[in-house]
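First the structure, in the form of structure tokens, and then the observations on it.
The values are calculated or read from the model by the stated rules, or taken from the named source; none is laboratory data. Remember, predicted model here, so these are calculated numbers, not experimental data. Heads up, the Cβs are rebuilt from the backbone with ideal geometry, glycines too, and the neighbour counts pull from every protein chain shown. With ligands, DNA and RNA removed, areas are computed over all heavy atoms of the protein, side chains included. Shrake-Rupley method; radii C 1.70, N 1.55, O 1.52, S 1.80 Å.
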Amino acid sequence: MGPKIRCLALFLVFTMIFIGVAGCASKGTSSQTLDPAGSSQPGPGASSGSQATHPVDPEPAVPTPGAGPGLAIPGALPEPPDGIGEPGKDFTVLQTGPADDWQGMAVPKFNPLGSQALYEDVQFLGDDVEPVPFYFLDGYTEKRETMLGERWELVIADPDYSLRWLRWYTREAGGQWYAGTQDHSTFTIKESDQVSWWADARQLDGKVEISVIKINTLPLSTWLTLRPGSLDSERFVFHTPPAAGGLQTATLKLAGPETCGVSLSVGSSSLRHGFEYETDLRFDPAQLMRQKTDTFILDDLPIAEGWLCWQLNWDQDTPVPDEITIRLDTVAAIEPVRWGAQPGAIRLTGIPPGGSATVQVPGWAQVTHRDAIISDRFLAGSVDNNGDMLFTAPAGYYLVGLPSGAGGDAIGMSLLRLVPVHAGEITTVIVPAAASVGAGALSRLYGDFEDNEGGVDLLAAQAD
């Protein structure tokens, strides 16, 4: 009995060893690394690339149960390839009715049931409300857009409700749905170039709560004209889509009394970045250095991952303009940022001996990241053995301050604006040696250290 047991034990041991070796031999690796040499390198067997945030219709952006080999659940129906399926087969079509019983309440464009009586509850909150966050998936990454506008709250209590039915309704209405979860999804319907509808559907306790937001939108290179006297509110809110790879400027004109004015704020909020921009635009000779003008050019606007929310405000303390016109244009092409949660970095190489450099967050951005140290808008950096400086930074655009010459930063700093940082990648900024030496020599000869005047700044640099 003893020898048989030992033989069986040895057989099992050798079998387990063989299975383990075979499993290790067949297992591949896939990684994305932040390469110290200055580029993002995919690991063995991996491929690199990026996927932009986009609505999905008809295909969802993430795999769903039953969508591929090994994902099918025994006894469960497979997920339709388009995430919707056929009415009456893959989902129940809910009862709908004509939207003629809203009793004077504004009827939203996103209105799945039509008749107000078919909802368990309906509320119209107007536009004096807090912004509404919309969550969705881009691949496997959760993202968020924040919208502000007229708001409705709809509650559906039909037990036959399903997410597939709401997706089907949105598609039939000419809209789009975004990849999300079974209990939380985002939908959009574009009514025109100036109006869009966003809906956030949440399943809670057997009911579905839908927040519907009507937003005003401003297409590029299109004038928007407002007449405050004809509006009920003391503000006007509109949104503009992301400007990937474009540097934008806004032109705003005011018509009316010489002392009339408005205030403007522009903002964006995502899960990783917050962007804010505020300025006062008014006819005030003291503020504008005794120059009166009715046209303002704003060229330091935020560059955000998501949509921008613009708010024009006026009140009775300042004369209200008779007419406000605003237009947004793309004036230059810039390298688009590949956004993501993974931090990137900026490497500065070729810094003159004894010099220093800085990396700063733009004034319109508020950026936080657990892997980046940011104090008073400046990023903390470190120096390696080669004398290069490395700054860990979340994806976005930054200001890089380089010394004007070899004498350090006492002479002055040369600013490089809109330096892009991509998620998981290092952006290398090289200071040409010839330019540094030349600027340093001229600065030492002609620079005034007391008044910081007469030095030579590097305004541009070009590699050989």
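Observations on the model:
- Take the Cα of Asp121, step 7 Å toward its Cβ, do the same at Thr249, and the gap between the two points is 5.0 nm.
- In this Cβ point-charge picture (+1 for Lys and Arg, -1 for Asp and Glu), the stretch 331-386 has a dipole of about 80 debye about its Cα centre.
- FRET efficiency, 1/(1 + (r/R0)^6) with R0 30 Å, evaluated for Arg144 and Thr428 via beta carbons: 0.45
- Leu252, Leu125, ranked by accessible area, largest first (probe 1.4 Å): Leu125, Leu252
- Sorting Glu79, Glu335, Glu130, Glu323 by accessible area puts them as Glu130, Glu335, Glu323, Glu79; the probe is 1.4 Å, largest comes first, and only protein heavy atoms count.
- Rounded, prolate or oblate (a/c below 1.5 giving rounded, otherwise prolate when a/b exceeds b/c) for the stretch 108-163 by Cα gyration tensor: oblate
- Cα→Cβ-extended label distance, 7 Å offset, between Leu418 and Glu323, nm: 3.2 nm
- Compared with the alpha-carbon gap, the fully stretched path from Arg235 to Trp223 is longer by 2.5 nm at 0.36 nm per residue.
- Spin-label pair Ser192/Lys109, simplified geometry with 7 Å Cα→Cβ offset, distance in nm: 0.9 nm
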